[in-house]
1. Taking the range 182-240 as the region of interest, how many residues are assigned to a loop (DSSP other than H, G, I, E, B), away from the ligand (no atom under 16 Å from the Cβ) and hydrophobic (A, V, I, L, M, F, W, C)?
2. Give Ala355, Ala345, Ala381 a once-over and let me know the one that is part of a loop (DSSP other than H, G, I, E, B), buried (at least 17 other Cβ atoms within 10 Å of the Cβ) and not basic (Lys, Arg).
3. Looking only at the range 248-266, count every residue that is at pLDDT 95 or above and either buried (at least 22 other Cβ atoms within 10 Å of the Cβ) or within 14 Å of the ligand (Cβ to nearest atom) (or both) and tell me the total.
4. Of the residues that sit in the range 161-175 and are over 16 Å from the mean Cα position of the chain (by Cα) and under 18 Å from Val125 (Cβ atoms), which one is modelled with the highest pLDDT?
5. Take the range 58-72 and flag every residue that is among the hydrophobic types (A, V, I, L, M, F, W, C) and either within 7 Å of the ligand (Cβ to nearest atom) or touching a Leu at 6+ places or on another chain (Cβ under 6 Å) (or both).
6. Look at the range 464-491 and say how many of its residues are more than 15 Å from the chain's Cα centre (by Cα) and either within 7 Å of the ligand (Cβ to nearest atom) or polar (S, T, N, Q) (or both).
7. Specify which of the listed residues (Pro155, Pro135, Pro164) is more than 30 Å from Asp20 (Cα to Cα), in contact with a strand residue (DSSP E or B) (Cβ under 6 Å, 6 or more places away or on another chain), part of a loop (DSSP other than H, G, I, E, B) and away from the ligand (no atom under 13 Å from the Cβ).
Amino acid sequence: MTSNTGTVHPRSAHEIEQWDHEADVVVAGFGVAGASAAVAAAQEGADVLVLERTGGWGGAAAMAGGFIYLGGGTPLQKACGFEDSVESMKAFMTAALGPGVDAEKIDAYCQGSVDHYGWLVECGVPFKASFWGEPGWEPPGDDGLQYTGGENAAPFAATIPPAPRGHVPQMADKQSGGERGGGYMLMKPLTDTAAGLGVRSVYDTRARTLVTDETGRVVGVLATQYGKEIAIRARRGVVLATGSFAYNDQMVEAYAPRLVGRPAASIEEHDGRAIQMAQALGADLAHMDATEVAFFCDPQLFIRGILVNGRGQRFINEDTYPGRVGQATLIENQNQAFLVIDEAAYEEALTTPTATPFLRHQPAWVCETVEELEAEMGLPAGTLQSTVEVYNRHAANGEDPVLGKKPEWVKPIGSPVAAIDLRGFTGGFTLGGLRTSVDSEVLHVSGAPIPGLFGAGRCTAGVSAGGYASGASLGDGSFFGRRAGRSAAKG
Ligand SMILES: Cc1cc2nc3c(=O)[nH]c(=O)nc-3n(C[C@H](O)[C@H](O)[C@H](O)COP(=O)(O)OP(=O)(O)OC[C@H]3O[C@@H](n4cnc5c(N)ncnc54)[C@H](O)[C@@H]3O)c2cc1C
C-alpha cells in the first residue's frame, strides 16, 4: 500500500487489504505520554505496540530537565520537610495554570498525585530527597525537589500555603539536558518497564491517518515507514501521544501567534499531526492559545535587580517562577524586558551556583546615574527614574508594595547601575490540543468520546490552560498517559 500518505482524512477499515501489525492497544509516540500509556495498558494485560517516528524512544521528555509536577504530600516532599495538601495543590494549580483550567482534570491530578509518585518509583524512577532552594531554572546538582511555579512568591503565597512540587528524577553525572539529565532518568526506567511488560515498539514509523470501522470507531492507524505506507490494527484502542504543535508554523500562526519563530523546549517532531488526525474525525480542541514561555536569563541574576518593560516600568515580581516572567514579558509586554541592576548586585550574582551560567548576560549599558542610563537605553525621559525612585523608597524599608517581591530580595538600587538588554529573550511550546476527558478519551465536538481514540501529553490540552509551572508537562503527560493506556486497554 503506497497511496495517500499525505492525507489526514480518516480511512475506512474495509479499504485496508492487509494489516502489517496488530495489537490490542496501539500508541503513537514514545515520549512521556506514550511510554506511560504503554506501561499502563500492558499492566492491564493488553498487548501493546508503540509507533515512534524517530529512531528511538524518548521524545522531548528524554531531553527535558525532568521536573514532574507532583504534590499533596508525596514521600519526597515529606522527606525534604515540606507539608502539602491536595487542597493547597488544587488551589494553586487552579489559580496559576488558568484562566479556564479543566477543574475535573485538576481535581483528579491532585487527588492522584501521591499515588502517581508511587507508580513512578515502582517503575524505577529515582528521586533524591534533597531540596534546592535558590533561584534557578533547575538545580545545579542532583537535588530532587524545587519550587517550579512561583508557589512561594506573590501573588499566590499570601493566600495559598506554598509547597515545592517540582520533583526531578535524580540525575547521574549531572549535565543539564545531557544524556543522564532528569528527563532521561524518567524515560529510561519507563521504557525499560514497558519492555519488561512485553510492549513492542517500531521505530522510524510515522503515524499519519486514523482508520475507522463502519460505526465510526477508531480501529487502526496508517503510518509511513521508510517511505512506505503500513497499516496497524488496534483491537481495543489507539492512543495519540505525539507531542505539541510548536513546530507546525501554520498552526502556531493560527492559534498561538506570539510563539511564531520562537519554539523552545520541544522537538521538530512536534508537528501537530495527531491533533489534525483527530480533528479530521470531529475532535474538539481546547486552549490552543496557551503557551509555556521560557525567559532566557539566569534567575540568580534577575532576582537581584528589577525587570522593566519598554516604558521603563516594572511588570512582575522578580522572585517568581521564571516561566511566569517569560509569559509576562512575551504576552503582556511585547517581548520587551530589561534588567536594571547595580554593580554590587551583579557581582554578587556571579558568585552564586546555577544550572544556567550561559544565561548570565553582560550589561549593554553601564552608567553612574539612573537618569543617564534611561537616556542611553532610549527610554522616555523620567520613566525609569520614577520606577527606580519608587522601588528604592520602599526598598529602604525592605518592602515591595507594588509587586510583592519578598523582603529578602528587596534592596535599593545603587550606583554604578547597569541594564541588560533582554528584548526578545523568550521561547516556548504550545500547551493546547485535543480536548480529552478525565479518562483521556478524545472528545468529539459534540462532547461525546470518539470510540476507540485516546490521547495524552502535549497533543492534548492538559492541566495548563494558560499559566504554567515547570513539571506540568511531564506531570500531566505521565498522569493522563497512564489513564489513556488504562482506558484503551478496556476497549
Ligand atoms: C530541554 C527541555 C527541557 C524541558 N524541561 C521540562 C521539565 O523540566 N518539565 C516538564 O514538564 N516539561 C519539560 N519539557 C517539556 C516536555 O519535555 C514535553 O512537553 C513533554 O515531553 C511532552 O510529552 P509528550 O509525550 O506529549 O511528547 P514527547 O515526550 O516529545 O513524545 C512525543 C513522541 O512522539 C513522537 N512522534 C511525533 N510525531 C509522531 C508521529 N506522527 N508518529 C509517531 N511518533 C511521533 C516524537 O518523536 C516523540 O518521541 C522540556 C523540554 C525540553 C526539550
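The values are calculated or read from the model by the stated rules, or taken from the named source; none is laboratory data. On a predicted model such as this, the values are computed, not experimentally measured, just so you know. A quick note on method: Cβ atoms are made from the backbone with ideal geometry, for glycine too, and the neighbour counts reach across all protein chains shown. Heads up: the accessible areas ignore ligands, DNA and RNA and are worked out on the full protein's heavy atoms, side chains in. Shrake-Rupley method; radii C 1.70, N 1.55, O 1.52, S 1.80 Å.
1. 1
2. Answer to the selection: Ala355.
3. Here the count works out to 5.
4. Ranking the qualifying residues of the range 161-175, first place goes to Pro164.
5. Ala60, Ala61, Met63, Ala64, Phe67, Ile68
6. Adding up the residues that qualify gives 1.
7. Pro164
The rows are residues; the columns are (1) under 28 Å from the mean Cα position of the chain (by Cα); (2) part of a loop (DSSP other than H, G, I, E, B); (3) under 19 Å from Gly452 (Cβ atoms); (4) at pLDDT 95 or above.
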residue: Ala41; (1), (2), (3), (4): yes, no, yes, yes
residue: Leu76; (1), (2), (3), (4): yes, no, no, yes
residue: Asp84; (1), (2), (3), (4): yes, yes, no, yes
residue: Lys90; (1), (2), (3), (4): yes, no, no, yes
residue: Gly98; (1), (2), (3), (4): yes, yes, no, yes
